[in-house]
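Novice: Encoded as structure tokens, here's the structure I'll be asking about.
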Amino acid sequence: MRRLLVAGNWKMNASVTSTEQLLTGVLGQLGSECDVAVFPPFPYLAQAVQTLAGSGVSVGAQNVAAEEAGAFTGEVSAAMLADVGCQMAIVGHSERRTLYGESDELVLAKTRQLLAHGLVAVVCVGETLDERKAGREEAVVAAQMALLIRDLAVADWDRIVLAYEPVWAIGTGETATPEQAQAIHAFIRAQLQQVGADVAEKTRILYGGSVKAANAAELFAQPDIDGGLVGGASLDATEFTGICRA
Ligand code: PEP
């Protein structure tokens, strides 16, 4: 049985004060319905780790370097994330793929770094509107997963969470219908059969794209949707914990 995970991607939104207020608000309203993780910007990770200590809420980064250490100005390594108490990081978010040209090869290298340092990789996949209109969503997602499926060991999948995020639904207020989302989640799970039946059964596949407290319950009720990767709504403690309750 897969335990649901609700993950809040704060993107480039935070301050010392808002981090404290948001996390205190979340802790005040959170039950124990599901696994919960927050992904603040880099400068606030240590603060989040400290504020959430002992709460069971995990802290993750929104990105990680593909290299181990050294002359990579501006990069943050997986070892550093582990050192400050992070347990996870997002890789391959569509904003990184489209705005910063991140390739599937780079996503694999970043994933390997996270795994090497004992962190969980939340790997994002998803098609653009044009790709969906052309009926190519399955081909796009399969291509984004191909290197992971080919190159990672079976045991690596214990620390991989996939997030299906249709680009047309991110930050747009437009959500995939539960049926649309379930169909592609089932496809993603079927792809994982190439790694093994056990991996396909156990790997959590989150849905992301304008998830709110009002639409979360019907999305999460789908058999292959194992929680959500939440952007905008994760910046509001009441909305975010409402999604966790769903
Ligand atoms: C995201 O950025 O991962 C995301 C799903 O954003 P939003 O919930 O705002 O659509």
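Novice: Are any residues in region 84-119 within 14 Å of the ligand (Cβ to nearest atom) and polar (S, T, N, Q), and if so, which ones?
Specialist: Those that are within 14 Å of the ligand (Cβ to nearest atom) and polar (S, T, N, Q): 94, 98.
Novice: Return a yes/no flag: does region 174-182 have any residue that is at pLDDT 95 or above, buried (at least 22 other Cβ atoms within 10 Å of the Cβ) and either among the aliphatic types (A, V, I, L, M) or in a helix (DSSP H, G or I) (or both).
Specialist: Yes: region 174-182 contains one or more residues that are at pLDDT 95 or above, buried (at least 22 other Cβ atoms within 10 Å of the Cβ) and either among the aliphatic types (A, V, I, L, M) or in a helix (DSSP H, G or I) (or both).
Novice: From the list 62, 21, 29, pick out the single residue that is away from the ligand (no atom under 16 Å from the Cβ) and at pLDDT 95 or above.
Specialist: Numbers: 62 fails: away from the ligand (no atom under 16 Å from the Cβ); 29 fails: at pLDDT 95 or above.
Result: 21 is the single residue among 62, 21, 29 that is away from the ligand (no atom under 16 Å from the Cβ) and at pLDDT 95 or above.
Novice: Those residues that are buried (at least 19 other Cβ atoms within 10 Å of the Cβ) and part of a loop (DSSP other than H, G, I, E, B), I need them from region 183-202; list them, please.
Specialist: 195
Novice: Here's another thing I want to ask about it. Filter region 228-246 for residues that are more than 10 Å from the ligand (Cβ to nearest atom) and either crowded, with 23+ Cβ neighbours inside 10 Å or not acidic (Asp, Glu) (or both) and give the result.
Specialist: Taking region 228-246 as the starting set, the residues that turn out to be more than 10 Å from the ligand (Cβ to nearest atom) are 236-242, 244-246.
Those that are more than 10 Å from the ligand (Cβ to nearest atom) and either crowded, with 23+ Cβ neighbours inside 10 Å or not acidic (Asp, Glu) (or both): 237, 238, 240, 241, 242, 244, 245, 246.
Novice: Run residue 224 past the list (1) charged (D, E, K, R); (2) within 14 Å of the ligand (Cβ to nearest atom); (3) touching a His at 6+ places or on another chain (Cβ under 7 Å) and report the number of the one that doesn't hold.
Specialist: All conditions are met except number (2).
Novice: Then there's this: Suppose the filter is closer than 28 Å to residue 233 by Cα, in contact with a Phe, Trp or Tyr (Cβ under 7 Å, 6 or more places away or on another chain) and of a type in the set (Ser, Thr, Tyr); does residue 203 pass it?
Specialist: Considered against the rule, which asks whether it is closer than 28 Å to residue 233 by Cα, in contact with a Phe, Trp or Tyr (Cβ under 7 Å, 6 or more places away or on another chain) and of a type in the set (Ser, Thr, Tyr), residue 203 comes out as yes.
Novice: Follow-up. Somewhere in region 94-113, is a residue in contact (Cβ under 8 Å) with a residue 12 or more places away in the chain and not in a helix (DSSP H, G or I)?
Specialist: Scanning region 94-113 turns up no residue that is in contact (Cβ under 8 Å) with a residue 12 or more places away in the chain and not in a helix (DSSP H, G or I).
Novice: Please specify each residue of region 165-215 satisfying the condition of being in contact with a helix residue (DSSP H, G or I) (Cβ under 7 Å, 6 or more places away or on another chain), in contact (Cβ under 8 Å) with a residue 40 or more places away in the chain and more than 21 Å from residue 95 (Cβ to Cβ).
Specialist: Residues satisfying the conditions are 178, 187, 191, 192, 194, 195, 196, 199, 203.
Novice: Then there is this: Looking at region 7-22, I want the residues that are farther than 18 Å from residue 122 by Cβ and have a partner that is surrounded by fewer than 14 Cβ atoms within 10 Å (Cβ to Cβ) with Cβ atoms under 8 Å, at least 6 apart or on another chain. Which pairs are those?
Specialist: Partner pairs satisfying both residue conditions: 14/43.
The values are calculated or read from the model by the stated rules, or taken from the named source; none is laboratory data. Small disclaimer: the values here were computed from a predicted structure and weren't measured. With ideal geometry, Cβ positions are generated from the backbone for all residues, glycine too; neighbour counts draw on all protein chains shown.
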